[in-house]
Every structure is written in structure tokens, then in C-alpha cells.
Amino acid sequence: MIQPYAYLELKIDDVGMEGEGIAHAEEYTVFVPFALPGETVRAQTVTVNHRKRIAFARPIKILSASPDRVKPACPAFGVCGGCDYMHADYAAELKFKRQNLASILKKNAGLDTDISDVVPSDNPLGYRNKAQLVFGEKDGKTVLGFYRERTRTVKALADCPLHGAWMRPLISAVTDWANRNKLSAYSSDTRSGLLRHLVVRVLDGFASVTIVATSFSIPDTDGLVAALDKVFDERYSLGISENSSSGGKIMGDGYRYVLKRASDIVVDGVLVEVGPYSFFQVNDHIRKRVYERLIGMVSPCENTLFVDLYAGIGLTGIPIAKAGGRVINVEIVPEAVRDADKLYAANGVSDKVKNIAGDAADVLPRLIPEFSGRDVTVYIDPPRKGISSDMAKLLNTLAAESDFKLIYLSCNPATLSRDLKLLEAFKVVPPVIPFDMFPRTANLETLVYLQGK
């Protein structure tokens, strides 16, 4: 019987949903992070569940390395908690992700269907257009970084290779400003401190920069502006989001601009304004590939009705509106709905859209009368937690009453598999298409086309 803190020599024979190696010993399944299939590793168990016959271990030494193992591009790999596959060759990473998607769809949803090869990112590094950094303290100084794996402890970073060349000078500029003004980092333990997060979105060279703090009263914002001018060559806006809550959400309910510059840019043929509440996929290259496939599934024309139930600022519906289709965007965040109104007006398609603020499960039943006589596509791109059971029941009910396509874009294979099982009134139209939106992490974006049975 395997006990906690035991040393084991393990042969890794599979890889798990979180990118961890999987081994078997004494009828136990043992999970070892940062180990690859085909490797022999020495590891120490950390926790053991005798009832389920599973154990979690930390790697001590790679005794026999896989040919898929590569040197990580980041010195903080394995510590900061941001990446899962930095130690693997990119082609192997894509293979593991497809295998895991197929496995979880079959296990959780009983779905054995055609799955395309994972659409690769053009670059597995430097692809992220958004960063959500955490303020912390180290050796009496304020630092920026990410939370260590499964903790609220901040790992200080000077750079992150998943982001663009702007990351290193940005971290340096903001931490220098914070320490020059002796500004404290917020502690969730003591619920004290000023600075919580630095949130940045960079699109087409323009940056939306937000300091999330417990108060709007931040000293020396002129000094911060001067520092950011050098990082982004004056192509940015700066604002403060006040978040004094004790919860885990990042952005607060209030927002004030310190500096607002014109931020209109063209993204995939759409004129957009880069703002603090604007939602865009984090990988520009993969976003284009996803939308190309999505638009192909919709085949928009003047008779199209496209209903986006988790719409954000409504970016997805713009090409449908430009093709003459009718778009209804539903979004629970009022600020995003206001941005959607501006977005459609700026692109000259205000007459083709209805932007609604509200919970999707409450709004959708009211939209059914508009389905009549239309080629309807209902599009869902929910957060990682997936859709609610109530939403699944509602969609099942509507499928019995109306004929429409259902397109599901998921960022979490686990909740996708659960939801596909709940959507019992629908059948999957193959192939399921995975996209590597988040290289070097275990996350995977998946596009699924469904029709009513």
C-alpha cells in the first residue's frame, strides 16, 4: 500500500487533463506533474487516497527522459503555475491535447466522434494579447507576477514568454513606479494594501492598461503615465478599477480613466475600440482561425438570425451583420453591452443588431418569437464553468419546438463534455474542432456544431 511521502520509481504511461504524467504502481494511479509519457522518474508522494486508489506525487528526478522533452523557455516554469507543457515539444503537446479531448468526451458524454487535429498556434510563445498580473511583496519591495500553483502566493516575475516584447518593460516600469511611491500590495490574508492587479490588453499596438486597487486614490499617476509613455510609445489608455471586495474577482465595479486616448483599431476587418471591459480571445492568430470556421458553419445571409448568448461586446456577430443577417447579443455585464452598442454603430450595422443586458437563461425564452421564418443559429461561448443545467434544459426544450443550429465554443474540455451530455436533444455534427488558443498550458478551445435530433 502506497503511503504519503514515499519515494517511488515510476514509469509514465499517459498524460492527464492538466498535463501531468500518469503512472501506475501497486494498483494505484499516480499523477506526477511535468513528467511525460515514456519517461522513468523518481517521485515522492504528497497525498494518497486509499479509497480511490490514487496518489499525487512531486517529481524528484528524471531517470530516463522522453524524446519529446525540451528545455523550458521560462526559468519560472514549474513554480509560477501558469504553464503545464513548457517542458514538451510543441507537436507532442498538440497530440496530448487531442488525446485528452477524445478521452474525456467519450468518458463523460459517451461521445465517440471524429475529432480534427488540433489547429496549432503560429507561435507557441509570445501569443497572449492580455495579461492579468498580481501585485505582491518580496524582500520589502512591491513586485508583479502570477500566483504559484494552487496558492495565493505571488511568484515575482521580470518577464513572461507567453506575452509580447512589451511585458518586460511594462513590469519594470510599473514596479519602479510603485516602489518609488512606496505603494503597498494588497494581501488577501490581512485584507490590507492598495495595489491588487495590473490588467493589460494589447491589440494592434494599442494597450488598455488598468490598475486594480482598493481605492481610486492612487498617488503620482503622472509618474505612471510618464513611465508607460516609454513602454507603449504613447499608444495606450490608463484607468483605475476600484475593487475593495474580499472575493477573488479581478476587476471592480467602478472604473475611472486617468488618461484616455483614441483607441479605434481594425481587428479582422472590424473597427473596434480597445477598452478595459472589451473581450477578445487572447491569441490573435487562433481567434482568426476560430471565427473563420464559425462563420463557415453559420453561412450568413439576409435570412440569418444569429443569437449570441454570452456575447461580451458582440464582436462575433459583426461579420454576420455585415453579411445582412440579424444579430441578437445577450450579455450580463452592462458595460460590455454599452460597448457593443458603440461597436455596431462604428461599423455601420446598428440596424442589424439588438444588444440585450441580462442573464442568458432569462432572456432566451423571450426571443423565440423572432425565430419564425429565419435560419437561426444559437451561439454559446460560456466561461470555463460552462452552461448551467437550467440553460441546458431550456435549450433542450427549445429544440423540440424550433429548428435551429447550436454552436458551442468551449475553453474547458471537462465542462464541454458535461454539457454535451446534458444537451440530450442535440446531436454533434462531426468533426469536433480543437484549437490551441493557449499553447504551453493544458487549456484547449473546442468548437462543436450541434443540431436538434
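The values are calculated or read from the model by the stated rules, or taken from the named source; none is laboratory data. This one's a predicted model, so the numbers in the text were calculated from it and none came from an experiment. All Cβ positions, glycine included, derive from the backbone under ideal geometry; neighbour counts span all protein chains shown. With ligands, DNA and RNA removed, areas are computed over all heavy atoms of the protein, side chains included. Shrake-Rupley method; radii C 1.70, N 1.55, O 1.52, S 1.80 Å.
Observations, loosely collected:
- For the range 101-122, the tally of residues that are at negative phi, over 22 Å from the mean Cα position of the chain (by Cα) and small (G, A, S) stands at 1.
- Matching residues, the range 88-97, being assigned to a strand (DSSP E or B) and either within 17 Å of the chain's Cα centre (by Cα) or surrounded by fewer than 17 Cβ atoms within 10 Å (Cβ to Cβ) (or both): none
- Subset tally (residues that are without any contact (Cβ under 8 Å) to a residue 40 or more places away in the chain, closer than 21 Å to C411 by Cβ and among the hydrophobic types (A, V, I, L, M, F, W, C)) for the range 262-304: 1
- Filter pass, R58 being open to solvent by 60 Å² or more (accessible area, probe 1.4 Å) and either polar (S, T, N, Q) or not in a strand (DSSP E or B) (or both): no
- The residues of the range 219-229 that are touching a residue at least 12 places away in the same chain (Cβ under 8 Å) and either out of contact with any strand residue (DSSP E or B) (no Cβ under 9 Å at 6 or more places or on another chain) or surrounded by fewer than 18 Cβ atoms within 10 Å (Cβ to Cβ) (or both), listed by number, are P219, D220, T221, G223, V225, A227.
- Condition check for I211: surrounded by 14 or more Cβ atoms within 10 Å (Cβ to Cβ) and more than 17 Å from M251 (Cβ to Cβ): no
- Scanning the range 313-332 for residues that are surrounded by fewer than 21 Cβ atoms within 10 Å (Cβ to Cβ) and farther than 10 Å from I356 by Cα turns up K322, A323, G324.
- Yes/no for D341 being in contact with a helix residue (DSSP H, G or I) (Cβ under 8 Å, 6 or more places away or on another chain), of a type in the set (D, E) and open to solvent by less than 30 Å² (accessible area, probe 1.4 Å): no
- Just so you know, in the range 98-148 the residues that are outside any loop (DSSP other than H, G, I, E, B) and of a type in the set (S, T, Y) include one that is farthest from N412 (Cα to Cα), and it is T142.
- Comparison of S389, S417, S410 shows that the only residue that is surrounded by 15 or more Cβ atoms within 10 Å (Cβ to Cβ), touching a helix residue (DSSP H, G or I) at 6+ places or on another chain (Cβ under 8 Å), among the hydroxyl-bearing types (S, T, Y) and more than 30 Å from P161 (Cα to Cα) is S417.
- If you filter the range 245-295 down to residues that are among the β-branched types (V, I, T) and farther than 26 Å from Y379 by Cα, you find that the one that is least open to solvent (accessible area, probe 1.4 Å) is I250.
- Residue match in the range 47-57 (condition: polar (S, T, N, Q) and within 30 Å of L422 (Cα to Cα)): yes
- Of the residues screened, R42 is not one that is assigned to a loop (DSSP other than H, G, I, E, B) and open to solvent by 40 Å² or more (accessible area, probe 1.4 Å).
- Selected residue (criterion: farthest from I250 (Cα to Cα)) from residues of the range 189-208 that are charged (D, E, K, R) and open to solvent by less than 30 Å² (accessible area, probe 1.4 Å): R201
- Sole residue being open to solvent by 40 Å² or more (accessible area, probe 1.4 Å) and touching a residue at least 40 places away in the same chain (Cβ under 8 Å), chosen from E137, E234: E137
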